[in-house]
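Notes to accompany the following structure.
The values are calculated or read from the model by the stated rules, or taken from the named source; none is laboratory data. Since we're looking at a predicted model, the values are computed, not measured. In this analysis, Cβ positions are derived from the backbone assuming ideal geometry, glycine residues included, and neighbour counts consider all displayed protein chains.
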Number of protein chains: 2
Amino acid sequence: MELLWRTREQPRRGPRPRLTVDRIVAAAIGIADGEGIAAVSMRRVAERLGVTAMSLYTYVPSKAELIDVMLDGVYAGMTRAAPASDHWRARLAAVADDNRALYARHPWLAAVAAVSRPPLGPGVIAKYEYELRAFDGTGLDDVQRDAALTFLLGFVETCARAAGAARASRQQTEMTDQEWWEAVTPYLERVFDPERYPTAARVGAAAGAAQGAAYDPDRAYTFGLARVLDGLAVLIEAPTTRAPTAGSEPRANPAGPAADGPSGPGPTGARR
Amino acid sequence: MELLWRTREQPRRGPRPRLTVDRIVAAAIGIADGEGIAAVSMRRVAERLGVTAMSLYTYVPSKAELIDVMLDGVYAGMTRAAPASDHWRARLAAVADDNRALYARHPWLAAVAAVSRPPLGPGVIAKYEYELRAFDGTGLDDVQRDAALTFLLGFVETCARAAGAARASRQQTEMTDQEWWEAVTPYLERVFDPERYPTAARVGAAAGAAQGAAYDPDRAYTFGLARVLDGLAVLIEAPTTRAPTAGSEPRANPAGPAADGPSGPGPTGARR
DNA sequence: GACCTGTTCCCTACGTTGTAGAGAGTTTCG
DNA sequence: CGAAACTCTCTACAACGTAGGGAACAGGTC
């Protein structure tokens, strides 16, 4: 916490610090961006700063906290290109795109992001505030807003994770998707029984042909985002009315809308 | 591959094996179920089987492959409670529930599941076949089916990941969500400016109060699944027809619906 | 029976990892 | 000038995945 907000009276005595938390975080982010989160070790970060691993512990209590601060840091510096469009759909799409762009710049984020008990630093909170605003005018109540945002961001994260996994297997095996498929096919033909799995054979072939791979991150994102927004639209554009844009009476749709929480003790949680 | 399908002529010479791949996989799954995937080390698995770490390498080329086989294994043994309901919506909800139940039984799965280039074993393929069938009668074409399934499963995985993260932080900190919040609040009050972040303050408070925590996995699942199905409904319940539910004109909402892939070379990919 | 050969399993060892503990060096306060 | 506070380094530990080099075992062929 003190770390996240950089609140700590600096010491008066002792040799003057050669490092700052910010420099450490920047170095760690640099490594993570270039070589993945797995390459971020205390020794590696220290080396980049010209000190030993242990000296980092004067600034940061542990690696877990360092990663929390990295996360808050990239959130704080995130570009928010979202247009103040008047249509909620465009605004939400922009929020999704911004997040996707962030994952593109910092692929390690997808492997790190914490949902429950997020590190409540300035970056996390600013992001939460900003993204909640995209729901202004939708008529959703506060609980629904939070749930809807979590839903949207979760979708983008899934896409980013999948894209990251795809990139990783490309690098590790040093094979393109096609080469992988060609390597795997002859074996599969020997064991796979198309009569037992007719749908899998047909759909797999069609999807593979359309995408040039078993999985295409871009398509998955485009397809999924449309579904996500359509799904939220059913909640937002209410039962009775039905003009081009918003409606009144946001409540209730199939499978039960978000609940109306009856009090309960509880946190002023932020998300992600 | 040989590993996944257990196709390998057993040797005629040499001491008779004390282990089998199945026993190794079962031991590894047992550890992962009980203590998380991080506790699955070669030494630990070996210990549970009464051998040394290195002897596992006679059966399994590396830890990565072992995890692939674990994944295929739990998929193969998965219960599929999906009712052969006549409504696609009920069938898809059942598929989601089945997957959620699987993640509940094997929480480590969420931290492991590979989307692109999945280990194409019998379990993975059977699961793919079964789940694709849930789309029978929806009128979706093959490419759309695959995309829709990936979308649905991705959603469930996200929920499972979040739930797993919540459980992990509960265990690691040995704090309930409330205790965590109470620990963090006094500090937050000192640095957080509600005037700067009015929406975050209000929505966070409302969501926290409703959930009793910053994040509630059950609510997130219920809410999200309804949105996912609503979103797919817009795609499925087409332009012309349609009674009680959807609106007209589903095509081209902003962010466009699924694409129509033009050929391309490619794999008969399976998913997950 | 004896040998060869392919297997299984163990021992040791290397280079990583996060971080605990002790101590050396540096700066400021009383 | 101490003394206290602080930064940074060194060494060390347990745990990780797995490479390399054997020892013990069992079948096939003489």
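The condition of being within 14 Å of DNA strand D (Cβ to nearest atom), within 14 Å of another protein chain (Cβ to nearest Cβ) and among the β-branched types (Val, Ile, Thr) holds for only one of B:Ile31, B:Ile24, B:Ile67, that being B:Ile67. Going by what's in this entry, would B:Ala233 be described as of a type in the set (A, V, I, L, M, F, W, C), at the interface with chain A (Cβ under 7 Å from one of its Cβ atoms) and part of a helix (DSSP H, G or I)? Here the answer is no, as B:Ala233 does not meet what is asked. Checked against the criterion of being closer than 29 Å to A:Arg167 by Cβ, in a helix (DSSP H, G or I) and more than 16 Å from DNA strand D (Cβ to nearest atom), the candidates B:Arg117, B:Arg145, B:Arg91 yield just one match: B:Arg145. Among the residues of the stretch B:8-25, those identified as more than 13 Å from B:Val60 (Cα to Cα) and free of Cβ contacts under 8 Å to residues at least 12 places away in the same chain are B:Glu9, B:Gln10, B:Pro11, B:Arg12, B:Arg13, B:Gly14, B:Pro15, B:Arg16.
Put simply, of B:Leu56, B:Leu66, B:Leu3 the only residue that is in a helix (DSSP H, G or I), at pLDDT below 95, more than 30 Å from B:Ala220 (Cα to Cα) and within 16 Å of DNA strand C (Cβ to nearest atom) is B:Leu3.
For B:Leu19, the conditions (1) aliphatic (A, V, I, L, M); (2) within 16 Å of DNA strand C (Cβ to nearest atom); (3) within 14 Å of chain A (Cβ to nearest Cβ) all hold with the exception of (3). For the stretch B:67-99, filtering for residues that are buried (at least 18 other Cβ atoms within 10 Å of the Cβ), assigned by TED's automatic domain parsing to the domain that holds B:Leu229 and among the charged types (D, E, K, R) leaves 3. Among the conditions (1) loosely packed, with under 13 Cβ neighbours inside 10 Å; (2) outside any loop (DSSP other than H, G, I, E, B), B:Gly14 misses just one, which is (2). Checked across the stretch B:178-190, the condition of being surrounded by fewer than 23 Cβ atoms within 10 Å (Cβ to Cβ) and in contact (Cβ under 8 Å) with a residue 60 or more places away in the chain holds for no residue. Can you find even one residue in the stretch B:210-220 that is of a type in the set (A, V, I, L, M, F, W, C) and surrounded by fewer than 20 Cβ atoms within 10 Å (Cβ to Cβ)? No, the stretch B:210-220 has no match at all. When the stretch B:34-43 is filtered for residues that are within 14 Å of chain A (Cβ to nearest Cβ) and away from DNA strand C (no atom under 16 Å from the Cβ), only B:Ile37 remains. On inspection, B:Ala200 passes the criterion of being without any contact (Cβ under 8 Å) to a residue 40 or more places away in the chain and touching a Leu at 6+ places or on another chain (Cβ under 7 Å). Residues that are under 27 Å from B:Met1 (Cβ atoms), not in a helix (DSSP H, G or I) and not aromatic (Phe, Trp, Tyr) do occur in the stretch B:121-133. Looking only at residues of the stretch A:196-215 that are within 7 Å of chain B (Cβ to nearest Cβ) and of a type outside the set (A, V, I, L, M), we find that the one that is nearest to the chain's Cα centre (by Cα) is A:Tyr215. If A:Ala46 passes every condition in (1) more than 10 Å from DNA strand C (Cβ to nearest atom); (2) away from chain B (no Cβ under 14 Å); (3) part of a helix (DSSP H, G or I) but one, which one does it miss? So A:Ala46 meets the others, but not (1).
Conditions tested, residue by residue: (1) at pLDDT below 90; (2) outside the structural domain of A:Val228 (by TED's automatic domain parsing); (3) under 19 Å from B:Val156 (Cβ atoms).
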| residue | (1), (2), (3) |
| --- | --- |
| A:Asp141 | no, no, no |
| A:Ala148 | no, no, yes |
| A:Phe151 | no, no, yes |
| A:Gly154 | no, no, yes |
| A:Ala162 | no, no, yes |
| A:Ala165 | no, no, yes |
| A:Arg170 | yes, no, no |
| A:Thr173 | yes, no, no |
